[in-house]
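Undergrad: Before we start, here is the structure in question, set down as structure tokens.
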Amino acid sequence: MKPFDPRLLKYAAQTRKYIAFLVAVGFLATLLVAVQTFLISDALSSVFYHRAAPQTTARAAIGVGAVFLLRACLHYLQNSVAHRSALRVIGALREKVLTHAAALGERWLAEGNTAAAVTLVTRGLDDLEAYFVSFLPQLFLCATAMPMLLLIIFWLDWISALTVIFCIPLVPLFMILIGKMTANYSQQRLAAMQQLGSQLLDLLAGLTTLKAVGREMGPEKKVRELGNAFTEKTMQTLYVAFLSGAALEFITTLSTAIIAVEVGFRMVAGQMLLFEGLAVIMLTPEVFKPLREVGTQFHASADGVAAAEKTFGILEIPLTPHSGKKPLPDPDTAVIRFRDLCVYAPHRTTVAPAHLNAEILPRRVTVLKGKSGAGKSTAVSVLLGLLNPDSGTVTVGGIPLSELDLHSWWEQIAWVPQRPALVAGTVAENIGVSDPEKLARAAHLTGFDAVLDTLPAGWETPLGQGGVGLSVGQRQRLALTRALVSGKKIIILDEPSAHLDSVSEEYILNTVSLLKSRGHTVIVIAHRKAVEKRADSIITVCSATRTEQSDKGSKEPGNALLPF
């Protein structure tokens, strides 16, 4: 575990300004410590040698008070800036992790990484605040204040300076020995927290099903075991933190005592004046203080550093580069073509889709059909630019999708997946359009107006995260209404009638026909015959094993295009 990871500068640019601020504060704090020490030493030595007038002593006392006040203000300013910088850095890292995880795609998330990423960007990165507020300032004081104070002590008395230098390595030695143990406990604690978070997220996602079969209390024992394991790892980390704090206090106190005894004997022998002796004795604890605090706060912030390492582990997973910047062809005339498209299923020998050769004509309704697992949704993911094919190409208007500007491509597409993305907020906020007439017409066409009649506040009815408050079918109608009012040229529907009854399905079919009449290109993944009857063309998607597809090669298409 590194005390300071340079990757923080790379992934959180706000860290640079904060570090510059810490360096400036370190120099100013060192200057104030030296001034305070000299004022106190001068005042006491003047009194001891009977050279101090009352006015001189009063001025020294006022000067010391002013320095104390300045140091308090500086400490307050540092903590204030530290908290704000920590929140900005944590926010930036959260945004980068979420963006990168989304860019890695649904397949990476489906490999057990979703819950780990969620735990990391919520509770995990919160621990990084202690690192910025408590640990990092002391670390930079070690690099700024300690050398300056040592130079001052060397100027006052070179023998004491050499003694301090001899004692300093004892503190890092103990820090390294205890730090290795703490790093291990911190990693175990984070792993236990992620495991507990994963279990809870899975339970919450399946709670409705568990209650339906009367098994909602079944996982209670497992959750309790995971909670106890997390508590145990946390207590182990705290135990080592307290132990290391006591050890560091002992070492630094012993080192300070050695300096004090050595200086005291020399002052008694007349080899050192009182001013120099007092200054050296008072400066010595200030030299060791940053090191002692680094050791103490290092263990307090170890959990945050471990979370940061996990964060960098996600951010450093390479993405497939997409450098296309070509302008998008006119969606009203551009033909979408799949040419020998193959995508390998992860951890399996399946190719789905296998050798997909088809075209999607503009301003038409095209249905993708095939057996479960044939690769229909995967083909759509490739079309959306969310997944890169293992072989073959997708072209839009004759231009490979990889060469197009993805953001311009996405601006032309409205995608309605099987589980629509709905956020916590009102129904109207999830639609994103404020025109009442436009909303009313779209809701009537999709049948969502019947749903609105059952809601207590109509469009202003609040929904929970994921659309809690609506049934699955009602969420589907809401998502379809949103697609209808979006004005996007290409509408992709993934099983739009899967969770609807026959009456609701008719609304969906009418909406599909309306979208076509308005000049939209509609792509539907469907199993039901009723949807296929409204299609202008049907693409049958097939899968194969890797052995089969290598035998067939790209000469025999594994899919059929049926015009109607």
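The values are calculated or read from the model by the stated rules, or taken from the named source; none is laboratory data. All values reported here derive from a predicted model rather than from experimental measurement. Here the Cβ is made from the backbone with ideal geometry for all residues, glycine too, and neighbour counts use every protein chain on show. Heads up: the accessible areas ignore ligands, DNA and RNA and are worked out on the full protein's heavy atoms, side chains in. Shrake-Rupley method; radii C 1.70, N 1.55, O 1.52, S 1.80 Å.
Undergrad: Of the residues that make up the range 48-60, is at least one in a helix (DSSP H, G or I) and buried (at least 17 other Cβ atoms within 10 Å of the Cβ)?
TA: Looking through the range 48-60, at least one residue is in a helix (DSSP H, G or I) and buried (at least 17 other Cβ atoms within 10 Å of the Cβ).
Undergrad: Another one. For the range 286-295, indicate whether the set of residues that are modelled with pLDDT of 70 or more, under 29 Å from the mean Cα position of the chain (by Cα) and either charged (D, E, K, R) or open to solvent by less than 40 Å² (accessible area, probe 1.4 Å) (or both) is non-empty.
TA: Looking for residues that are modelled with pLDDT of 70 or more, under 29 Å from the mean Cα position of the chain (by Cα) and either charged (D, E, K, R) or open to solvent by less than 40 Å² (accessible area, probe 1.4 Å) (or both), one finds at least one in the range 286-295, hence yes.
Undergrad: Just to be sure, is A66 modelled with pLDDT of 80 or more, of a type in the set (G, A, S), closer than 21 Å to V287 by Cα and surrounded by fewer than 16 Cβ atoms within 10 Å (Cβ to Cβ)? So that I can check it myself, show each step before the final result.
TA: Details: modelled with pLDDT of 80 or more: yes; of a type in the set (G, A, S): yes; closer than 21 Å to V287 by Cα: no; surrounded by fewer than 16 Cβ atoms within 10 Å (Cβ to Cβ): yes.
So A66 does not fit the description; no.
Undergrad: Please find, among A110, A115, A130, the residue that is touching an Asp or Glu at 6+ places or on another chain (Cβ under 9 Å), closer than 30 Å to H347 by Cβ and assigned to a helix (DSSP H, G or I).
TA: A115
A quick yes/no check of all residues on (1) under 22 Å from L8 (Cβ atoms); (2) surrounded by 20 or more Cβ atoms within 10 Å (Cβ to Cβ); (3) in contact (Cβ under 8 Å) with a residue 40 or more places away in the chain:
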| site | (1), (2), (3) |
| --- | --- |
| A82 | yes, yes, yes |
| R107 | no, no, yes |
| T114 | no, no, yes |
| E129 | yes, no, yes |
| A143 | yes, no, yes |
| W155 | no, no, no |
| L170 | no, no, yes |
| L173 | no, no, no |
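Undergrad: In the range 338-362, how many are part of a loop (DSSP other than H, G, I, E, B), among the aliphatic types (A, V, I, L, M) and more than 23 Å from H520 (Cβ to Cβ)?
TA: Residues meeting the conditions: 4.
Undergrad: Taking only pairs six or more apart or across chains, which ones have beta-carbon atoms under 8 Å, a first residue in the range 522-533 that is of a type outside the set (A, V, I, L, M, F, W, C), and a second residue that is open to solvent by less than 30 Å² (accessible area, probe 1.4 Å)?
TA: Cβ pairs passing all conditions: H527/E495; R528/S497; R528/E505; E532/V367; E532/A526; E532/I538.
Undergrad: Being more than 19 Å from K488 (Cβ to Cβ) and outside any helix (DSSP H, G or I) is the filter here, so list the residues in the range 424-437 that pass it.
TA: A424, G425, T426
Undergrad: Continuing with this model, one more query. Quick check on my filter: what residues within the range 243-259 are open to solvent by 40 Å² or more (accessible area, probe 1.4 Å) and within 23 Å of L32 (Cα to Cα)? Don't jump to the end; show me each part of the working.
TA: Going through the range 243-259, the residues open to solvent by 40 Å² or more (accessible area, probe 1.4 Å) turn out to be 243, 246, 249-250, 253-254, 257-258.
Across the range 243-259, the qualifying residue is only T253.
Undergrad: Moving to a separate point now. Test A457 against the stated conditions and say whether it is surrounded by fewer than 19 Cβ atoms within 10 Å (Cβ to Cβ) and closer than 30 Å to S502 by Cβ.
TA: yes
Undergrad: Tally the residues that are aliphatic (A, V, I, L, M) and either surrounded by fewer than 15 Cβ atoms within 10 Å (Cβ to Cβ) or assigned to a loop (DSSP other than H, G, I, E, B) (or both), restricting the search to the range 394-423.
TA: So the count comes out to 3.
Undergrad: Right, here's the next one. Could you look through the range 1-41, keep only residues that are part of a loop (DSSP other than H, G, I, E, B) and in contact with a Leu (Cβ under 8 Å, 6 or more places away or on another chain), and pick out the one that is least open to solvent (accessible area, probe 1.4 Å)?
TA: In this case the residue turns out to be A12.
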